[in-house]
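Taken together, the values in this text are just the output of simple stated rules run on the coordinates, not laboratory data. Quantities reported herein were computed from a predicted structural model and do not represent experimental measurements.
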Amino acid sequence: MFSAGEERSSQSGQEPVFGSGRRGGCWATGVSPCGGGRSHEHFITRGLWLERTITVTGLPFSPQTAERSIDDLSSRSLCRDHNSQASVLDDAAIDMNNALRRLSELQEARTRVRGRIIQPVQFRIDGRLLERWALKTVMNISILNRSQLGSWRPPGWLAEVVFGRKSLPAGCGIALVTKVGENHQPGDQVDFAFGTRQGGAGPEMAMITLRRGFRFFLTWDVPIAKVAMTVDGEEYFGASNALMPFRRWNITDGARDLRLALCFDWEGPSRRDPNVVRLRKKYKSPPRS
């Protein structure tokens, strides 16, 4: 499904993996003092789902495809204080997923409309918070997956990036895994995969898929421009902009402009688009059981 390498080198990859690992420790203990006891941190943000029960596969406690409660997907990998501090990152991921939901609905409706579409709809997402959320997800899943990752552990400084204390190396970060004109199929699944370059000692990148096949790639050691990857038989090369920086995603119907866009802020103070925040009332996750 996902393999990664240096520019146009032969590819080697690793299937999406999850694992139990050691539970109960807080991976942010080196960032600031812990407090509040253990949290029930979800290794992938709970608010991404609207249903109480979802279909999962590849989990250590559910290796076969099965229906599970979203509240089963917790790892207790952060203390309550750090979990609370990271909630703004979960909000960014929920905002992103909700914006994709709404744009998907509008895309379906507008493709049935004849004539020119006048009213534009644009949602804005804080790119920096989304990037830090993706790194938080890497940390959570690496704890769950300790037994399958062998001796590899995320670099210690990565936790400081998650909490805004440090920045990623130049050229690293998140990028869309797409090509101009590529179609994204409907779907509401969330996937995660680690990737390792040929000859690499351990994971150096990850790919996360949200609804409608919105795939984004995350690297913390290797500049995006030096990455080549194969996903479901398709090749993507950072140097040729097939791994696109998060700036603006225009949604079209072939050559027809549907006047729908998803934009990403990378400068100025962190802020949430009020139009996206209002979508939380439309798309509500079920209360905790």
* Tell me, in nm to one decimal, what length is gained between S147 and S69 on full extension, where the rule is 0.36 nm per residue of separation less the Cα-Cα distance? -> 25.7 nm
* Stretch A225-R288 to full length: gain in nm at 0.36 nm per residue minus the Cα-Cα span? -> 18.5 nm
* To do: Subtract the Cα-Cα distance of R116 and R271 from 0.36 nm times their separation in residues, and report this length gain in nm to one decimal.
  => 52.6 nm
* Structure fact -> With x for Gly and Pro, the residue-by-residue ³J(HN,Hα) of the stretch 120-133, computed from phi through the Karplus equation 6.51 cos²θ - 1.76 cosθ + 1.60 at θ = phi - 60° and given in whole Hz, is x, 10, 9, 10, 10, 10, 6, x, 5, 5, 5, 5, 5, 4
* If a/c stays under 1.5 just call it rounded; otherwise compare a/b with b/c (prolate if a/b is bigger, oblate if not). Do that for the stretch 42-108, with a ≥ b ≥ c from the square roots of the Cα gyration tensor eigenvalues. => oblate
* Could you name the aspartates and glutamates in cross-link range of K136, using Cα to Cα under 12 Å and dropping any fewer than eight places away on the same chain? -> E41, D90, E160
